[in-house]
């Protein structure tokens, strides 16, 4: 049961990472038509904020993944001890 919850959480965080990467890709490749009227300085500031947010999200997701893997290993070891 814990294992499936961790798997579900991992899938959710992977989807968040994919969404962030898609957002970065669209901004890095010219963005949407709405951004056409924003001058270069504002565009660079917006891009910088998005990249910082994406980097922060990525670090948080990587940390959460590491914690999930550690929890899975702990559960696996506990199950092995019960079987023995």
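Read-outs: derived from the displayed coordinates by stated rules, not from any lab. Everything numeric in this text was worked out from a predicted model, so none of it was measured. Cβ coordinates were reconstructed from backbone atoms using ideal geometry, including for glycine residues, and neighbour counts include every protein chain displayed.
Laid out as a table, the results:
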read-out	value
Quotient of Cα Rg and 2.2 N^0.38 Å for the stretch 45-84, N being how many residues it contains	1.94
Proxy reagent accessibility, fewest Cβ within 10 Å first, across 4, 57	4, 57
Packing-based exposure ordering (other Cβ within 10 Å, fewest first) of 47, 56	56, 47
Spin-label model distance (nm) - residue 69 vs residue 55, 7 Å beyond Cα toward Cβ	2.3 nm
